[in-house]
Amino acid sequence: MMDILFDILVWVIVFLSVLLLGFWLYLTSERMKEVSRLQKIDRYIEEKQHKWYRYFKGEEPFSDELIPKHKHEIEGIEKIFLVYLKNISSTEIQDKIRDFSNRYLMDHYQRLLDSRKWSRRMNALYRVADFQLYRLVDKYREMEKKKLTHEENFQLLKIYSMFEPDLFIEKIANTMKLSEFEYKKLLTGIDPNTRERLMTCFNQLPPACQYSMIDTIGMIRNMDSIPFLEAQLDHSDAEIRIRSLKALHEIGIIVNLDRYIPFVTSDIWEERLMAAKLLQNVPLKGSLSYLEKLLKDESWLVRTQAALAIEK
């Protein structure tokens, strides 16, 4: 009996040893493949980065030598393109990257979008937005028929904001529910025309989107948006009024002082605080009486802000 148990134990040890050896050989093989892939990418970048530079700078015409023939070349091109997009603000370079990508990289990203692996699909969606692959619009619509993650849906929404503004507006108003942070990521990247269209349907947007839109307008400091922001000062939602006052303060231009005077005596201290900040943008001759009233406010923050406005 002991001999049998001993033999079983030996075979178990042998089996586990073989299994571990096989697993180690597999990991070693995969690691070697990955190292080889990265070396090929680095070699491509080293050999071709100067040629890409001269093409982007207009010092050389486009050469067929730049057309990728292997996967590692595409990955090398990705890295080169991303460096230029993140570090150089040039419409000409952006146009060249967009045109090249739509002509020579479209099939590659289409295959990635069909992948079963989430990471590959997401990487493709990021690059689609970076390189502006507008020729894959039909593919993006097709993807929506599948069950997608929140991250994929969000990235598709970003892509629609670039290539399909009508669909983007429809979805942001009626379909997806996002956080304020996510809405701001979308709204800071849209073109002025799409932003104006969203203003016209502002009341149909989800509250988090409304808040983010007002914050975004204040951040970009567009003077043309002042009438829109002033219209929100009559909104029933106090948060919208407060954020609109803040956005107007960030723009820094007071067109009609009387529009802001009611907030000096508001029941909401945040509105009184923003009124004190806004009065900084008015000559002291026209604002002093209101600031003196705010100096007696029950809120320490309001009193402090009023004092700063007078000193300024």
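A few points about this structure:
- Failed item, numbered, when M122 is tested on (1) at pLDDT 90 or above; (2) farther than 20 Å from K86 by Cα: (2)
- For K177, the conditions (1) in contact with a Leu (Cβ under 6 Å, 6 or more places away or on another chain); (2) among the charged types (D, E, K, R); (3) modelled with pLDDT under 90 all hold with the exception of (1).
- Any chance A208 is closer than 30 Å to I190 by Cα, part of a helix (DSSP H, G or I) and either among the aromatic types (F, W, Y) or without any contact (Cβ under 8 Å) to a residue 12 or more places away in the chain (or both): no
- Count - residues of segment 279-311 that are of a type in the set (S, T, N, Q) and more than 16 Å from H249 (Cβ to Cβ): 2
- Checklist (1) closer than 26 Å to E250 by Cα; (2) under 13 Å from the mean Cα position of the chain (by Cα); (3) open to solvent by less than 40 Å² (accessible area, probe 1.4 Å) applied to K184, failing item: (3)
- Among the residues examined, K69 qualifies as at pLDDT 90 or above, open to solvent by 90 Å² or more (accessible area, probe 1.4 Å) and not in a helix (DSSP H, G or I).
- Residue count for segment 221-252 satisfying the condition of being assigned to a loop (DSSP other than H, G, I, E, B) and open to solvent by 40 Å² or more (accessible area, probe 1.4 Å): 5.
- Matching residues in segment 104-154 - criterion: being surrounded by 15 or more Cβ atoms within 10 Å (Cβ to Cβ) and polar (S, T, N, Q): Q110, N123, Q132, N153
- Any hit, segment 253-271, residues being closer than 30 Å to D130 by Cβ and either among the aliphatic types (A, V, I, L, M) or surrounded by fewer than 18 Cβ atoms within 10 Å (Cβ to Cβ) (or both): no
- Residues (more than 14 Å from S90 (Cβ to Cβ) and in contact with a helix residue (DSSP H, G or I) (Cβ under 7 Å, 6 or more places away or on another chain)) located in segment 49-62: Q49, K51, E60, F62
- Residue check for K285: basic (K, R) and surrounded by 14 or more Cβ atoms within 10 Å (Cβ to Cβ): no
The values are calculated or read from the model by the stated rules, or taken from the named source; none is laboratory data. None of the values given here were measured: they were computed from a predicted structure. Backbone-built Cβ (ideal geometry, glycine too); neighbour counts: all protein chains shown. Note: areas computed on protein heavy atoms with side chains; ligands, DNA, RNA excluded. Shrake-Rupley method; radii C 1.70, N 1.55, O 1.52, S 1.80 Å.
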